[in-house]
1. Working from Cα positions, state the angle (0 to 90°, nearest 10) between the long axis of helix 35-44 and the longest principal axis of the chain.
2. If packing is taken as the average count of other Cβ atoms within 10 Å, what order do 2-12, 79-89 fall into, highest mean first?
3. Counting Lys and Arg as +1 and Asp and Glu as -1, each charge on the Cβ, what is the dipole of the stretch 1-89 about the Cα centre in debye, to the nearest 20?
4. Let me check I've understood the local charge: for Arg8, count other residues with C-beta under 11 angstrom from its C-beta, Lys and Arg +1, Asp and Glu -1. What total comes out?
5. Give the order of Met68, Met1 when sorted by the count of other beta carbons within 10 angstrom, beginning with the fewest.
6. Run the numbers on the chain and let me know its relative contact order in percent, using alpha-carbon pairs under 8 Å that are six or more apart.
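Taken together, the values in this text are just the output of simple stated rules run on the coordinates, not laboratory data. Just so we're clear, the structure is a prediction, and the values are computed from it rather than from any experiment. Glycine gets a Cβ as well: all are built from the backbone with ideal geometry, and neighbour counts include every protein chain shown.
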Amino acid sequence: MLIPKKIRTYCPSCRKHTEHNVSQLKKRSARKLSWGQRQFSRVTAGYGSQPRSEQKKFSKTAKKVVLMLKCKECKKSRPHKGFRSKSVKFGE
Ligand SMILES: [Zn+2]
């Protein structure tokens, strides 16, 4: 799927349509001290592996893509609505 690098859309903080830079939101590394991550590292520590068996069969073939929109005027960024796509390319 080809997505333009710049789009003109509504900015909630400027309260008008402005030019936005578009980029893909990528998964960040987990915070080591967050509650869920501490729980998970406690369970996986020592012998034995995953607390639940790994999922190997997937019914869906495409992954969800979230686009990040950054306003050129106020420099604020916000996530766009997610959608499913097998591959995302930025062009034009
Ligand atoms: Zn703005």
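1. 40
2. Working: 2-12: 12.5, 79-89: 10.9.
The most tightly packed comes first, giving 2-12, 79-89.
3. On the way: 27 positive and 3 negative charges, 28 e Å.
The calculation lands at about 140 debye.
4. Values: positive: Lys6, Lys16, Lys72; negative: Glu19.
Taking every Cβ under 11 Å from that of Arg8, the sum is +2.
5. Details: Met68 15, Met1 12.
Lowest count first: Met1, Met68.
6. On the way: 123 pairs, mean separation 35.4, N = 92.
Taking the mean separation of contacting Cα pairs over the length of the chain, I get 39 percent.
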